[in-house]
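Read-outs: derived from the displayed coordinates by stated rules, not from any lab. Keep in mind that what you see is a predicted model, and the values were worked out from it rather than measured. Virtual Cβ from ideal backbone geometry, glycine too; neighbours counted across all protein chains shown.
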Amino acid sequence: MKNVIDQKLRDWAAEQRPSAEQSSSLTASVLKAWQQKSRLPKPRPRNLSPVVWTGIATTLAAALIVVFMLPKASSVASLDTLLSSERKSFQDDITRITHLFQEAETLFDNQLHWLSQSGQATELGLAATPPTGDAFTLRFTLLSRSHDNGGWQRIWSTDLVAHDDDYLEITPDSSRATTISLWMHRLKNNQLFVESHLQLDSPRSIQTATSEVLSFGEVHTAARITDNNTEYLLLQTATPIPCSS
Amino acid sequence: MSVKDVAQYTIADTELVRRITADNCPAATSVLVERYASRVRAFVYPLLLNHADADDVTQIALLRALDNLASYRFQAAFSTWLYRIAVNVAKNYLRQQNRHNSCLSIDAEVNNLPSSIDYSPVAQLELNETADNIKSALQELPFDQRTAITLVVIEGHDYQTAAAISKCNPATLRWRLHRARQRLFQILSERGDL
């Protein structure tokens, strides 16, 4: 029956196609714009006059004064508060992530190698030979604080579902130049050994390698990085994915 | 070289690109634009769902492609490269127009989908065939899913090509397509089009 939806979409799209006359008009419009653009001299970089620079400097100074006089934002939080909210947020999200993973496994006939969610972006990887290890959800969270204001902020996070005893090198979000290398091994007592290498491009350029033992569901501080006036904490949280029936 | 000379033969896209980048050949430019204007326009309309916007985005995308022809590396098909530009232009155009949620969703994905979709003949789909129903259903899809379903279902690209245009891996593209179909099925069902 999905073929019915597909056919309806194609029929609808065919009705929306431009007529020959509309296409000709569009082509002519593009070519005219291109010709006009080609005739324009290329813009040269302008040197601002001293008067303009003075004006810009004055405006910037005024803006800085206003910023420093504003009451400080209350978006930063103590580390304990953030770790507690991270633990709760992870617990709240596990059902959704598990459902997503199981649905994707069904769609791809159990050939799903890994799945990642960064914000609203979902990425998937397939393997010709299905992985045999247990599946785990692993959350990476990056916190930062400036030495000036002292409060922590969550600036990046990604959820990754992968199998233990399986080495991965992935790009969890194709819109960013971020790569994660990962290897996990299940231990006794509800623990997971995680070896990872994170290369993050934005919102900050950070590279870190960690080897940690994580207790299921507990937020673990995997790395602490200082860069000029800013401190970063990399958190990791993991839990097993229940087997789908 | 006249337009007639250029158009007399089926000249490959790559040859047209070479002539434009080497000589700024007006005839080759005309042929290339004429070859792709209606194709790009037909492609971007389902992404934008507005005819005037589709005209604008088509023009912007083609001009951007002509501006950046020197950066085309001949590794992917020219159409793949051009469609990738068109997708980026459409996405940025929507962001600048600040159309979200109930109008045209850019990023948000609704996760309240049923756990399984019954695609069997027993479901007896009876879709309302008016253009407005399809259009309004597409409006509720996130941009990435709308792009995926446009590339594969409407344009007929294979997963590899569609993934290259979308700059994602084929598995991700299939996932977006799966979600798009699920969502369209749900929307049309809820509106009594089953």
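Residues of B:176-189, mean number of Cβ from any other protein chain within 10 Å of their own Cβ, rounded to a whole number? Numbers along the way, then the final one.
On the way: counts 2, 2, 6, 5, 2, 5, 3, 0, 5, 4, 0, 0, 3, 0.
Averaged over the peptide's residues, the number is 3.
If R0 is 22 Å, what FRET efficiency do you get for A:ALA128 and A:ASN189 from their C-beta distance, rounded to 0.05?
Numbers: r = 34 Å, r/R0 = 1.56.
Here the calculated transfer efficiency is 0.05.
I need the peptides A:155-162, A:132-139 ranked by packing, meaning the mean over residues of other C-beta atoms within 10 angstrom, with the highest value on top.
Numbers: A:155-162: 21.9, A:132-139: 18.2.
Going from most to least packed, we get A:155-162, A:132-139.
Counting only other chains, and only Cβ atoms inside 10 Å, what mean value do you get across the residues of B:134-144?
Details: counts 8, 2, 0, 4, 3, 0, 0, 0, 2, 0, 4.
For this peptide, the per-residue mean of nearby foreign Cβ atoms is 2.
Could you compute how fast segment A:123-223 diffuses translationally, taking Rh as the Kirkwood radius over C-alpha pairs and applying Stokes-Einstein at 37 °C with viscosity 0.692 mPa s? Give it in µm² per second. Walk me through the numbers before you get to the answer.
Numbers: Rh = 14.8 Å.
Answer from the Stokes-Einstein relation: 222 µm²/s.
Simple spin-label model, 7 Å along Cα-to-Cβ: A:ARG204 to A:ASN3 in nm?
The modelled label-to-label distance comes out at 5.5 nm.
Most exposed first by the Cβ proxy, i.e. fewest other Cβ within 10 Å, how do B:ILE11, A:ILE170 rank?
Starting with the residue having the fewest Cβ neighbours, the order is B:ILE11, A:ILE170.
Which chymotrypsin sites (Phe, Trp or Tyr not before Pro) does segment B:60-90 hold that lie in a coil by DSSP with at most 10 other beta carbons within 10 Å?
On the way: sites: B:TYR72, B:PHE74, B:PHE78, B:TRP81, B:TYR83; in loops: B:TYR72, B:PHE74.
Here no loop site has a sparse enough neighbourhood.
When Cβ neighbours within 10 Å are restricted to other protein chains, what is their mean count per residue of peptide A:19-32? Numbers along the way, then the final one.
On the way: counts 1, 1, 0, 5, 7, 3, 2, 11, 11, 4, 6, 15, 8, 1.
Per-residue shielding by partner chains comes out at 5.
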